[in-house]
1. For residue 118, indicate whether it is farther than 17 Å from residue 39 by Cβ and surrounded by 12 or more Cβ atoms within 10 Å (Cβ to Cβ).
2. What are the residues in region 43-54 that are modelled with pLDDT under 90 and either assigned to a helix (DSSP H, G or I) or in contact with a helix residue (DSSP H, G or I) (Cβ under 7 Å, 6 or more places away or on another chain) (or both), if any?
3. Would you confirm whether any residue within region 20-41 is in contact with a strand residue (DSSP E or B) (Cβ under 8 Å, 6 or more places away or on another chain), surrounded by 10 or more Cβ atoms within 10 Å (Cβ to Cβ), in a loop (DSSP other than H, G, I, E, B) and modelled with pLDDT of 65 or more?
4. Considering only residues that are modelled with pLDDT of 90 or more and touching a helix residue (DSSP H, G or I) at 6+ places or on another chain (Cβ under 6 Å), look in region 64-78 and name the one that is surrounded by the most Cβ atoms within 10 Å (Cβ to Cβ).
5. Could you list all residues from region 121-144 that are over 19 Å from residue 156 (Cα atoms), free of Cβ contacts under 8 Å to residues at least 60 places away in the same chain and surrounded by fewer than 20 Cβ atoms within 10 Å (Cβ to Cβ)?
6. Being buried (at least 20 other Cβ atoms within 10 Å of the Cβ), farther than 28 Å from residue 169 by Cα, in contact with a strand residue (DSSP E or B) (Cβ under 7 Å, 6 or more places away or on another chain) and modelled with pLDDT of 90 or more: is that true of residue 110 here?
7. Please pick out the residue among 97, 149 that is surrounded by fewer than 16 Cβ atoms within 10 Å (Cβ to Cβ), closer than 18 Å to residue 30 by Cβ and touching a residue at least 12 places away in the same chain (Cβ under 8 Å).
8. Among the residues of region 162-186, count how many are modelled with pLDDT of 85 or more and not in a helix (DSSP H, G or I).
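The values are calculated or read from the model by the stated rules, or taken from the named source; none is laboratory data. Worth saying up front: this structure is predicted, and the values here are computed from it rather than measured. Quick reminder, even Gly has a Cβ in these numbers, built from the backbone with ideal geometry, and neighbours come from all protein chains shown.
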């Protein structure tokens, strides 16, 4: 019986295709759902849907830039990283659309988002101002969506799944209970 010799240090013989340098940037799809979906999920989850929105867009930025970053951490600290997310999204749109790319005005939207989110720490009933925190993000979302739909294929959106509808039902009931509890007359 003859022993077959295998050289573990030999270079592989299989063909390995190099990825194109620009390929990832042109195929990246930003996450920009329809306004009704954004508002419905943001309202019924008391703003927690914004974490999902930022996470999906940070994943798109990571793919476009081909850099190492943590989308989870950046989504959790979205009050601080929103400006950088908006600027990266604007750059992706500019590279894809050229001069037709909209200006997202990320600084203004990020500042409003941060201030409205921080309003949640205010005393009752002023904390409810923080429920408006999704509005600056919605403004950016709609500008990205309009530009992406005009170009075709630049934005990713899918219909609500049964899990999302379940979240809307449970979250909507909790949201109504919060509103009723906040404004109900207290009898002492």
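1. On the way: farther than 17 Å from residue 39 by Cβ: yes; surrounded by 12 or more Cβ atoms within 10 Å (Cβ to Cβ): yes.
Yes, satisfied.
2. Here is the first cut: in region 43-54, the residues modelled with pLDDT under 90 are 43-48.
Across region 43-54, the qualifying residues are 43, 44, 45, 46, 47.
3. Residues of region 20-41 in contact with a strand residue (DSSP E or B) (Cβ under 8 Å, 6 or more places away or on another chain): 29-32.
Among the residues that remain, those that are also surrounded by 10 or more Cβ atoms within 10 Å (Cβ to Cβ) are: 29-32.
Checking which are in a loop (DSSP other than H, G, I, E, B) leaves us with 29, 32.
Okay, now just the ones that are also modelled with pLDDT of 65 or more, so 29, 32.
The answer is yes, given that some residue of region 20-41 is in contact with a strand residue (DSSP E or B) (Cβ under 8 Å, 6 or more places away or on another chain), surrounded by 10 or more Cβ atoms within 10 Å (Cβ to Cβ), in a loop (DSSP other than H, G, I, E, B) and modelled with pLDDT of 65 or more.
4. 78
5. 121, 122, 123, 124, 125, 126, 127, 128, 129, 132, 135
6. Values: buried (at least 20 other Cβ atoms within 10 Å of the Cβ): yes; farther than 28 Å from residue 169 by Cα: yes; in contact with a strand residue (DSSP E or B) (Cβ under 7 Å, 6 or more places away or on another chain): no; modelled with pLDDT of 90 or more: yes.
No, not satisfied.
7. Numbers: 149 fails: touching a residue at least 12 places away in the same chain (Cβ under 8 Å).
The conditions single out 97.
8. Going through region 162-186 one residue at a time, the tally reaches 0.
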